[in-house]
1. Could you tell me whether the stretch 101-121 includes any residue that is of a type in the set (A, V, I, L, M, F, W, C), open to solvent by less than 20 Å² (accessible area, probe 1.4 Å) and in a strand (DSSP E or B)?
2. Can you list the helices (runs of 4 or more DSSP H) lying wholly within the stretch 153-202 that have 3 or more residues being among the hydrophobic types (A, V, I, L, M, F, W, C)?
3. Please verify whether residue 139 is surrounded by 20 or more Cβ atoms within 10 Å (Cβ to Cβ) and either among the acidic types (Asp, Glu) or farther than 26 Å from residue 174 by Cβ (or both), treating the condition exactly as stated.
4. When the stretch 1-59 is examined, which residues are found to be open to solvent by 60 Å² or more (accessible area, probe 1.4 Å), β-branched (Val, Ile, Thr) and part of a loop (DSSP other than H, G, I, E, B)?
5. Which ones in the stretch 156-186 are of a type in the set (A, V, I, L, M, F, W, C), open to solvent by 40 Å² or more (accessible area, probe 1.4 Å) and over 17 Å from the mean Cα position of the chain (by Cα)?
6. Taking the stretch 90-102 only, how many residues are within 15 Å of the chain's Cα centre (by Cα) and of a type outside the set (Val, Ile, Thr)?
7. Checking residue 72 against (1) open to solvent by 10 Å² or more (accessible area, probe 1.4 Å); (2) farther than 21 Å from residue 117 by Cα; (3) among the polar types (S, T, N, Q), which test does it fail?
8. Is it the case that residue 87 is among the acidic types (Asp, Glu), surrounded by 14 or more Cβ atoms within 10 Å (Cβ to Cβ), modelled with pLDDT of 95 or more and within 20 Å of the chain's Cα centre (by Cα)?
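The values are calculated or read from the model by the stated rules, or taken from the named source; none is laboratory data. Note that the structure is predicted; figures quoted are calculated from it, not measured. All Cβ positions, even for glycine, are placed from backbone atoms using ideal geometry, and neighbour counts span all protein chains on display. What goes into the accessible areas is simple: the full protein's heavy atoms, side chains included, and nothing from ligands, DNA or RNA. Shrake-Rupley method; radii C 1.70, N 1.55, O 1.52, S 1.80 Å.
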Amino acid sequence: MEVPAIRYARAGDVHVAYQSFGEGVPLVGVPPFAQNIELLWGDPTGLYPHFLHGLGSFSSVTHFDKRGTGLSDRVPGFVSLQERMEDLRAVMDAAGIERATIGGISEGGPLALLFAATYPERVDALLLYATTARFMRDDAGGYPHGATPEELQLFVDMLVDGWATPDSITVPSFMPSLVGDAQFLKWMESYERGCASPGALR
């Protein structure tokens, strides 16, 4: 499959990049904290293209780059879940999708959950992978799971400090079986540069 066409949805003044491919039941993929929908297809191991081909073999897939990342418009400051939820709705509208299974990966999980709770009429099912309701614990609020604020800050600092360089912790943290693959590591540096700058990542 050749790389699907890049299209843009308008969410207010922001352009949100998306792709659609495959045939079957509608599936909208909500990305992790940063991705680049065009560069994903160039993974030299073939893992990402294989995953995307697999999804497209039974579903009509639409996925997108969150505002501030990938091919979507860069925006200043913090982006709220509510703003990103409206980006998801804008992508579905632009792609002509009335209802779909919403699939959230990692940091995309809370966004998928919020969208389903806010727009239940547009969601057939939720498909959640490697995610959680929240990433930071809140003992006072009854959520004793996840990282402490200090642990999360340390992880963010390490992630940002090495981002898109040979010191990136992405592969060791999330794909340890590929730590020895020099070609993949080089590609990942370039891929991360195409996903977000260190400041945008933070």
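1. Checked the stretch 101-121: at least one residue is of a type in the set (A, V, I, L, M, F, W, C), open to solvent by less than 20 Å² (accessible area, probe 1.4 Å) and in a strand (DSSP E or B).
2. Details: elements: 170-174, 182-195, 198-201.
Hits in the stretch 153-202: 182-195.
3. On the way: surrounded by 20 or more Cβ atoms within 10 Å (Cβ to Cβ): no; either among the acidic types (Asp, Glu) or farther than 26 Å from residue 174 by Cβ (or both): yes.
Against the criterion (surrounded by 20 or more Cβ atoms within 10 Å (Cβ to Cβ) and either among the acidic types (Asp, Glu) or farther than 26 Å from residue 174 by Cβ (or both)), residue 139 does not qualify.
4. Correct list: 3 only.
5. 158, 179, 182, 185
6. Applying the first criterion (within 15 Å of the chain's Cα centre (by Cα)) to the stretch 90-102 yields 91, 102.
Subsequent filtering for residues that are of a type outside the set (Val, Ile, Thr) retains none.
Result for the stretch 90-102: 0.
7. Result: residue 72 passes all but (1).
8. Values: among the acidic types (Asp, Glu): yes; surrounded by 14 or more Cβ atoms within 10 Å (Cβ to Cβ): yes; modelled with pLDDT of 95 or more: yes; within 20 Å of the chain's Cα centre (by Cα): yes.
In short, yes.
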